[in-house]
1. For the chain, take N as its residue count and report Rg(C-alpha) divided by 2.2 N^0.38 Å.
2. Quick check: net charge around LEU228, other residues with Cβ under 13 Å of its Cβ, Lys/Arg +1 and Asp/Glu -1?
3. Run the 1.4 Å probe and let me know the accessible area of ARG66, rounded to the nearest 10 Å².
4. In a shell of Cβ-Cβ distance under 13 Å around ALA11, excluding ALA11 itself, what net charge do Lys and Arg (+1) and Asp and Glu (-1) give?
5. Carbon and sulfur: what percent of the chain's accessible surface (1.4 Å probe)?
6. Could you tell me what a quarter of the Cα convex hull surface of segment 263-345 works out to, in nm² with one decimal place?
7. Using only helices, what value at 222 nm comes out for the chain when you add -39,500 (n - 2.57) per DSSP H run of length 4 or more and divide by the total residues, to the nearest 500 deg cm²/dmol?
8. Kirkwood Rh and Cα-based Rg: tell me the resulting Rg over Rh for segment 216-289, rounded to two decimals.
Amino acid sequence: MDTIIFEVGLAILLVATVGLIATKLRFSVIPFYILVGMAVGPHAPHVWIFDFRFIESSEFIDFMGRLGVLFLLFYLGLEFSVGRLMKSGKSIVIGGLFYIIINFLFGLLLGWMMGMPLKETLVIAGIMTSSSTAIVAKVLVDLKRTANRETEIIMGMIMFDDLFIAVHISILSGLVLSGATSFLGVLLTSLSALIFILLFLIVGRRVIKYVDKGLNISSPELFLLVILAALFLIAGFSETFHVAEAIGALMVGLVLAESVHVKRIEQLILPFRDFFGAMFFFSFGLTIAPASLGGAVGMAILAVVLTIIGNLVAGMLAGKIAGISPRASVNIGLTLSSRGEFSIIMANIGKAGGLLPVVQSFAVLYVLLLAILGPLLTKESKRIYNLAVKLFGRGNKTEQPGQ
């Protein structure tokens, strides 16, 4: 019997179950989605009609994961505002720059220490630089910190980081996926990708008023079909210029973010982002054999330590520039420690480019550790700050309420 539909239903049930468990435990759902994917797969049992190996449906689940990446990046583009970023102040821009430089350099250092080739090192550096927008936003809401002064800085720095990651992914796509081997070949490929992105965004901003007229569609069904057609066509066409399909989706979102219809688009796309995004993390877990993770344990733990240290330094610098208290600055650094969706996306680029399997194993452990530790560190930031004051005898005794 053809069991693909049944297997897909079983996969969705597993994802929904662990999602409910994660919600009850007040943890991020991302590590749970990855873990349940790792728990099943080729090594899992086949009990009656319940085939947890997902042999027949693996390709379809993988395709749903690809759609998840598209919707995650598309939605991010819809919420991204370059104008809002520029108005956020120098504390966000300078703090964001320090955040990127510190984490990226730590990633390069780790790759060099582990004797990794250049491509693998650049992927690892990107994995270590990309904070999880989804986890950070959820933690801030859950802890009722959205009104805190440092929260504006946190979200601004994440926006700055997302912008960097978009550029880095486009360069990685040219370097890893194009097959170019010479320095000139890599340079030309990367330049063609960046030129395509810039031209698309410039032209998009100029024609958005005509796009708005074309989107004056009363039928929700036809409106959604037009949006999805634009998303898939442009994301797919982007690969012609060695731009990852995920970045193509991001570009469509960035252009439509200037549209008068942006709120309507967000409302229609949100369920697709949530569903296919969950399947993306599940499908990523399916590709990981738990037995293969052992070789990356030490590397992942070292990366976690470097990330937390680097983020605290960046948070203290951003807080000092903004004139907020040391405790609020610690909140910035610890909150930004969470890793998730974009680290996994970069690991997938490495997989598609045939890079060393240890990169994926590293990404899994690194993301799992920080997706769990990040929210916990954020929640306990007050205790961590007070402990640091006791140990080092420094701190601001006159903290403002809510910080």
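The values are calculated or read from the model by the stated rules, or taken from the named source; none is laboratory data. Since the model is a prediction, treat every value here as computed from it, not as a measurement. So basically every Cβ, Gly included, is an ideal-geometry build from the backbone, and we count neighbours across all protein chains shown. Heavy atoms of the whole protein, side chains included, go into the accessibility calculation; ligands, DNA and RNA do not. Shrake-Rupley method; radii C 1.70, N 1.55, O 1.52, S 1.80 Å.
1. 0.99
2. Details: positive: ARG273; negative: GLU221.
Charge balance in the 13 Å sphere: 0.
3. Near enough 110 Å² of accessible area.
4. -4
5. Working: 13090 of 18650 Å².
Exposed carbon and sulfur together represent 70 percent of the surface.
6. Values: hull surface 32.4 nm².
Taking the Cα atoms of segment 263-345, their convex hull projects to 8.1 nm² on average.
7. Mean residue ellipticity, 222 nm, calculated: -25000 deg cm²/dmol.
8. 1.03
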